[in-house]
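Notes for the one structure printed next.
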Amino acid sequence: MTWLAPWAWIGLVAVAAPVLVHWLARHQAERLRFPTLQFLVSTSPVSVRRHRLRDLPLLLVRVAIVVAAVAALAQPVWVRPGAPAARPARAVVLDTSASMQRALGDGRVGAVVAREVADALAGDAGESADAASPAIVVPADRVSDGVAQAAAWLATQDGPREVVVVSDFQVGALVASDLEVVPADAGVRMVPIAVGGPVTAAPAPVRGRLRVLAGAEDAAAVAASEAAARATLEKTSGVFFDEKDTRRLFQVVLVFPSAPDRDALRASSQPIDTPGLFDWVADIRREFRRVTGGAEKTSGVFFAKKTPDVFSETGLVVFADDEPGSLDAAALMAAILSASDAPVLPVAEREPDTLAPSTLESWQRQSPVSIPGRSSGRSDGRWFWALALVLFGVEAWMRRRPVAQNVEVAHADAA
Amino acid sequence: MITPSLSPALVASVDDLEVVARLIVEGMRSGQHRSPFHGFSNEFSQYRAYRPGDDLKYLDWKVLARTDRLYTRQFRETTNMSAMICLDSSGSMAYPETGFSKFRYASMMAAALAHLIVMQGDAVGLMTMQGGRLVYVPARGGRGHLRTVLAQIDRLEPAREWEPSIVIPRAADLLKRRGLVCVISDFYDAPDQTRVELRRANRRGHDVALLQVVSKEEVDLPFAGDLEFEDLETGSRVLIDPRRARAGYRQSIAEFLEGWRTGARRDGFDYALMTTDEAPSEALRGFLLRRGATR
């Protein structure tokens with residue numbers, strides 16, 4: 001037998017309560033109206049001792065009730081010897097939202113730390129002795145969506161299972177109702193990443209100057225340094241690239257590899273701000289469609305490549321290719337960007353509030369513990385509760401014993 | 001004439017017994033009572049032929065001398081025995097408070113005695129105390145009076161007040177002739193004074209009978225576990241471990257009961273110890289048989 005909450009055995013100090021009651025409760029002696037006391041008081045000694053244990057059987061029953069209740073609180077679990085341990089299937093929801101790009105106290109980027117934590121958690125589950133207990137990492141910009149995906153995955157798993165959410169837990173990123181999709185018998189853990197610094201992922205393009213590069217040498221340079229650019233970007237910004245998710249590329253760079261008149265574009269470049277970048281790009285695309293009559297050929301340039309010096313300079317690099325519309329597009333975008341100033345928001349205003357630790361704790365559920373010989377982590381404390389209930393009934397019966405019964409007992413003793 | 005104090009079973013069980021009066025009873029009834037006052041209060045009625053077995057003191061020797069015939073004188077009965085029952089109604093008699101109490105037992109005994117005495121033509125009265133006041137029913141005969149006595153017994157409730165030093169001398173005083181003073185009690189109250197008053201009544205010529213009623217639990221103290229004993233009369237309390245006190249208690253109460261038994265024998269009283277677990281009919285039968293055997 002093992003105990004899920006062995007600290008509950010501290011409750012055994014409560015055994016002292018019934019002992020003290022039986023030791024000190026002199027006034028609880030039953031009263032018997034008797035014809036005369038002259039023969040009782042003349043007998044010496046007759047008075048009971050003031051402090052001594054009274055009604056030992058009743059005391060033993062009461063002590064047993066306390067012990068049974070404490071044992072139940074300690075959550076006993078009967079195990080089958082020799083059976084392998086089962087670890088929970090674990091789905092790790094990794095918050096990849098923009099707020100995770102902020103730094104921790106030690107200067108590291110929150111997203112990087114979160115990634116490491118998520119990998120470690122997934123690795124723990126993966127090292128389980130039970131091969132049927134896998135783990136996955138679910139990256140998600142919206143934590144609630146990630147939880148839903150994780151819950152769907154857990155629904156396909158057997159045995160103990162749990163969801164671990166790694167996030168900075170901005171207010172509004174996750175609400176209690178989002179956790180309702182998690183299976184009732186699955187554990188829920190919240191791993192907060194204490195980001196607090198300014199966003200470090202894209203400071204350079206945010207406040208840089210628009211710079212347009214053109215020509216074949218730029219395209220070649222982009223192609224050669226693509227891998228290094230990705231690595232550098234991931235390392236420095238915590239932005240992780242997914243081949244299917246190209247939106248992040250928009251956040252950092254627009255490339256027109258062969259724009260002919262880059263000097264003109266460079267001359268007309270203006271500062272832009274990251275929060276408005278996507279809107280600007282959307283406006284640019286709409287404007288392209290309007291100018292080109294709905295041609296999609298220019299749209300491809302917006303999905304073009306990265307460059308290693310994107311973040312090494314304090315400027316947004318815009319490349320244009322040789323296609324006829326590219327120069328126009330670059331020029332148009334530069335014109336649009338230069339025509340309007342995007343609002344520059346202070347970092348403090350953009351920094352979100354995070355959920356209170358007590359809230360996160362209230363959302364957590366105990367993870368099923370892997371116990372050899374058990375398919376689930378539930379305790380067998382109910383048997384001790386049942387025992388305590390039975391003992392309570394016995395105690396009530398013994399407490400209501402009439403004096404007449406004592407008389408019968410005494411008669412039996414005399415016989 | 002059946003009342004709650006006199007159950008049919010009790011009457012049926014003792015109806016074949018006769019109350020045997022003692023020497024110093026004034027009246028005589030059908031040869032069963034020997035009067036200490038020959039010729040007093042007796043009125044000559046007639047002669048009848050002597051029959052073997054007749055008391056020779058009633059043989060008329062003058063007629064024998066004159067006629068050489070044996071005649072026995074017969075008298076008209078004018079007196080009988082008067083009995084006064086003193087019933088203890090103190091609080092101690094209320095034990096046990098649930099079930100068959102000592103007072104109930106004593107009441108049945110008193111009723112049975114009254115019934116027997118009246119049925120054989122004698123007079124019976126009642127003296128007790130209730131609410132601090134004496135309750136007195138004069139000694140008379142007749143079924144109507146018996147009903148009065150029984151009704152009075154039935155109305156009694158055990159209370160704290162019962163002073164034998166008042167009840168017993170008043171009972172002896174109010175018996176106009178020498179008769180029977182029967183005290184039914186546990187004799188816990190003022191035992192020394194009670195003995196003095198009983199001897200005084202005996203010296204006045206009354207026959208004295210004592211029925212001491214106790215319960216089995218009083219004698220054995222069979223309780224277990226700590227108990228707070230409360231005196232039914234004084235209300236005082238004491239916390240006792242009966243197991244430890246049992247031996248000493250039994251010795252004390254045994255000495256108390258033996259003291260009453262030997263004291264009654266020494267003073268010439270009839271005495272019977274009755275416990276409430278004993279069948280009332282058997283207890284009364286035993287008492288009357290012992291009384292008859294000693295007279």
Quick check: anything in the stretch B:22-32 modelled with pLDDT under 90 and over 30 Å from B:R147 (Cβ atoms)?
-> yes
Of the residues that sit in the stretch B:245-260 and are at pLDDT below 90 and within 7 Å of chain A (Cβ to nearest Cβ), which one is nearest to the chain's Cα centre (by Cα)?
-> B:G248
Scan (1) charged (D, E, K, R); (2) surrounded by fewer than 18 Cβ atoms within 10 Å (Cβ to Cβ); (3) within 14 Å of another protein chain (Cβ to nearest Cβ) for the single condition B:K102 breaks and write down its number.
-> (2)
Which of (1) surrounded by fewer than 20 Cβ atoms within 10 Å (Cβ to Cβ); (2) hydroxyl-bearing (S, T, Y); (3) in contact (Cβ under 8 Å) with a residue 40 or more places away in the chain does B:T276 not meet, given it meets every other one?
-> (1)
May I ask you to verify whether B:R195 is assigned to a loop (DSSP other than H, G, I, E, B) and more than 27 Å from B:F100 (Cβ to Cβ)?
-> no
How do the pairs read when you match residues in the stretch B:223-240 that are within 7 Å of chain A (Cβ to nearest Cβ) and assigned to a strand (DSSP E or B) with residues anywhere that are surrounded by fewer than 16 Cβ atoms within 10 Å (Cβ to Cβ) and among the hydrophobic types (A, V, I, L, M, F, W, C), using Cβ under 8 Å and keeping only pairs 6 or more apart or on different chains?
-> B:L227/A:V403
Filter the stretch B:149-169 down to residues that are in a helix (DSSP H, G or I) and either surrounded by fewer than 17 Cβ atoms within 10 Å (Cβ to Cβ) or touching a helix residue (DSSP H, G or I) at 6+ places or on another chain (Cβ under 7 Å) (or both), then give me how many there are.
-> 11
If we keep just the residues of the stretch B:176-218 that are surrounded by 17 or more Cβ atoms within 10 Å (Cβ to Cβ) and β-branched (V, I, T), which is nearest to the other protein chains (Cβ to nearest Cβ)?
-> B:V214
For A:V70, state whether it is touching a Leu at 6+ places or on another chain (Cβ under 7 Å), modelled with pLDDT of 80 or more and either closer than 30 Å to A:Q366 by Cα or not in a helix (DSSP H, G or I) (or both).
-> yes
In the stretch B:45-98, the residues that are touching a Leu at 6+ places or on another chain (Cβ under 9 Å) and aliphatic (A, V, I, L, M) | B:A49, B:L59, B:V63, B:L64, B:L70, B:M81, B:A83, B:M84, B:I85, B:L87, B:M93, B:A94
Within the stretch B:48-89, work out how many residues are without any contact (Cβ under 8 Å) to a residue 40 or more places away in the chain and in a loop (DSSP other than H, G, I, E, B).
-> 11
In the stretch B:261-280, how many are basic (K, R) and under 17 Å from the mean Cα position of the chain (by Cα)?
-> 2
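The values are calculated or read from the model by the stated rules, or taken from the named source; none is laboratory data. All values reported here derive from a predicted model rather than from experimental measurement. Positions of Cβ are generated from backbone atoms using ideal geometry, with glycine treated the same way; all protein chains shown enter the neighbour counts.
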